[in-house]
1. I want the antiparallel fraction of DSSP beta bridges within the protein assembly as shown, as a percent rounded to 5.
2. Round to a whole angstrom and tell me the spacing of the C-alpha centers of segment A:470-519 and segment A:64-116.
3. From the Cα trace of segment B:68-136, what convex hull volume per residue do you get, rounded to a whole Å³?
4. So between A:K297 and A:L106, what do we pick up on full extension, going 0.36 nm a residue minus the alpha carbon distance?
5. Using the Karplus curve 6.51 cos²θ - 1.76 cosθ + 1.60 with θ = phi - 60°, what ³J(HN,Hα) values do you get for each residue of segment B:186-192, in whole Hz, with x for Gly and Pro?
6. For chain B, take the convex hull of the Cα atoms, compute a quarter of its surface area, and give me that in nm², please.
7. Tell me, how many Å apart are the Cα centres for segment A:196-220 and for segment A:127-175?
8. What is the angle, in °, between the Cα long axis of helix A:7-31 and the longest principal axis of the Cα atoms in chain A? Nearest 10 is fine, range 0 to 90.
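Every number here is computed from the coordinates shown, using simple stated rules; none is lab data. These numbers were taken from a predicted model, which means no experiment stands behind them. Cβ coordinates were reconstructed from backbone atoms using ideal geometry, including for glycine residues, and neighbour counts include every protein chain displayed.
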Amino acid sequence: MVLHKFGDRLYSGLVTTMTSHLKEISKSIEDAKGGLFLEELHRKWDDHNKALQMIRDILMYMDRTYIPSTQKTPVHELGMNLWRDNIIHSGKIQTRLLNTLLELVLKERTGEVINRGLMRNIIKMLMDLGSSVYQGDFERPFLEVSAEFYRGESQKFIECCDCGDYLKKAERRLNEEMERVTHYLDAQSETKITNVVEKEMIANHMVRLIQMENSGLVNMLLDDKYEDLGRMYVLFRRVQDGLLKIREVMTSHIRETGKQLVTDPERLKDPVEFVQRLLDEKDKYDNIITLSFNNDKTFQNALNSSFEYFINLNARSPEFISLFVDEKLRKGLKGVSEEDVEIILDKVMMLFRYLQEKDVFEKYYKQHLAKRLLSGKTVSDDAERSLIVKLKTECGYQFTSKLEGMFTDMKTSQDTMHGFYASHPELGDGPTLTVQVLTTGSWPTQPSATCNLPAEMSVLCEKFRAYYLGTHTGRRLSWQTNMGTADIKATFGKGQKHELNVSTYQMCVLMLFNNADRLNYKEIEQATEIPASDLKRCLQSMACVKGKNVLRKEPMSKDIGEDDAFFVNDKFTSKFYKVKIGTVVAQKESEPEKQETRQRVEEDRKPQIEAAIVRIMKSRRQLDHNNIIAEVTKQLQSRFLANPTEIKKRIESLIERDFLERDNSDRKLYRYLA
Amino acid sequence: MRRSASRKTGQPNSTPSLNSSPADLFRSASSKATTKELERIDALYYSYANGSSAMIDPEGIEALCSDMEVDHTDVRILMLAWKMKAEKQGYFSLEEWRRGLKALRADTVNKLKKALPELEKEVKRPTNFVDFYSYAFRYCLTEEKQKSIDIESICELLDLVLGSQFREQVDFFVEYLKTQNDYKVINNDQWMGFYRFCNEISFPDFSNYDPELAWPLILDNFVEWMLAKQS
């Protein structure tokens, strides 16, 4: 027919025929009852497709020649369109189709099983008719209805469920919908429907969920509910600001608990406990972030900034961390494997990094290290050195050069002692002297006090001094009698022998009793010339402490009075042969000591600030006030947080000493004077 | 000038030559008048100067003041010193005397006295005042290498120099200086800072004062003290 130029008639005939045929089909579909509606529709669609196939084959010639030239719709497409217009969009079918589909979805959502295969076919039909048909006739209303459904459901759940359960339900629904799409919806709907669920079930209730009493985020954190937290993380990640909200609440919680921790006077009584608690807290949250929050870097950062915030709320944190390290290095790490030692030291370093006042830590660390080295009470030399290396890596050579100097002195002293005894073989039988020669700059400064050593010792000490100065010219030695220890063998009344480990002061006092049975305080003071407060403390530790009372005091009071009399305690007993009485262990500082240290730190900071100012001004030649403050603060950040008022004071001092001048016209500007 | 003319005359000529310009005539006429003035100025100098040191010493200044009927602690004497660019407090050298009196066109005590109001006006002009204010501080540094002035003297100086212009600020600042313990002396930087402070900062609310800026620390403390007092 086409060849004979009757293409028109053929085409229009096709249209008419098909249309009327479809109208009949439409009727039969409409007549289908209840559940059979979809089946009927599907069957007829199947038929239609088959027929369309055949028709196309038959009319192929027309399809190829007549249609392109007249720009009419090709046969197949025509068939689709006619189906769409006459069946799908027919008044009675359109609504019923949609409602049926939505009803089925609802049924499935409420737990019933539906004919998924049939659903899939119908949906496919809609897709075949064109994406816009799918979207307009199904998807859009589907999404609306779903939103309503989930709105209602989420409202219901949130009233009766706790957070963890709610999240489980939300997760389940989400998975369901995704599965639904896979099974019988078109792939393009996946994101759209999941967005609906996310919005209705999660986004709309986010804050309420997080803050839910007894089961919200904070409770989950406190109880280490890894699974629930993980679920929350995954779900909230899907919605805008979800993770942000979690992070915010977590941060303020950590800051709050941290703040309580560092300001609680009970906790502060034991520094080692205090630091251990900090480490435990850190471990706890590290675990949570690893196990539940996918090692999310933003959460790590939030954790770090929170710790940095509250650790620095307590000015004693640097001291306490140093005391913690001291305890570990003195005994805590005994028997611990090398790997575990490294782990603990790394954790200490992590706390150290949070400190703003690193120079305060340095001061205490030096004091405590000195005590450890001098009393020989370090568990592992390797552990000590390992920590020094870590500090050096973190803070640079300047920080640790003095500490390393201390180790060097210890080693050198050993060699010196060998040399001393080698050159004085006659001393082999007498008391053994061990001298540590400390280089003044490296060790914490101590004022040296008076102390009269017993004759045997002073002779020995002089010999050593002569020996040392003989081999090292240009040096000055001063005995630090307040830092030494002694081991003395004592025999008591009933013949019981003990070896006493005492401080040098205590030794001086005890040796007096070799020549006298009774001595009163004044006599002891005169003979030893030890400063009064130290002497009193020394006598107390030997006369008033149970188990260490090698001396007897009359009267038996706790305090040392000027007229008190002392005797050797012949009744002294101890189940140990070796008794330790000395007190050289590092302790939490008393209030006045703390003030003194703080003052020294402040004094030390002044030249550092000035040096920074001069450095900066030298290179910039001139700079305005705000910029100097900012630069100086930045430069000193790794050691301490510089106070702007203090910086200003230093600037003024430098102006007075003609290092800097103020610009005449712009008083905010400073200039470097070469 | 023609080469021949200069070669002919050779030496500098003090008498006006016939072919000089009107300006030259005027200048030389005034310099003639100045020579007479200069003589009187010098004479006046020697009438007050100390015989042995040939300088006007504190006694001489006191005499001058009483002749001018001005108290010797009056700020106008300081202004006079400024005009002379006098270096040492309590003393005038001949050069300084000449400089000052010549500038004031005064060669008698009376003329000098009459020149004082004009001098005051001149000093009070903003451009001059900063210079005068700065001078006042330097003038009080009596020892060599001295960089700061004690609190007592500073209070007097402040009152003298700024009292008329910034009465309230001076009074409060003086009170503060006398009560505080941090500073025993004031240096030049702080001195100049205070003048800037009086000019720029609204008083007594200090609403535009920002301690984070480059104000000397003593002023930060002063403002803090004032605000504490006011609340």
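1. Within the protein assembly as shown, antiparallel bridges account for around 90 percent of the total.
2. 106
3. 82
4. 64.7 nm
5. Whole-Hz 3J(HN,Hα) from phi for segment B:186-192: 10, 9, 4, 4, 5, 4, 5.
6. 18.6
7. Each part's Cα centre sits 17 Å from the other's.
8. The answer is roughly 70 degrees.
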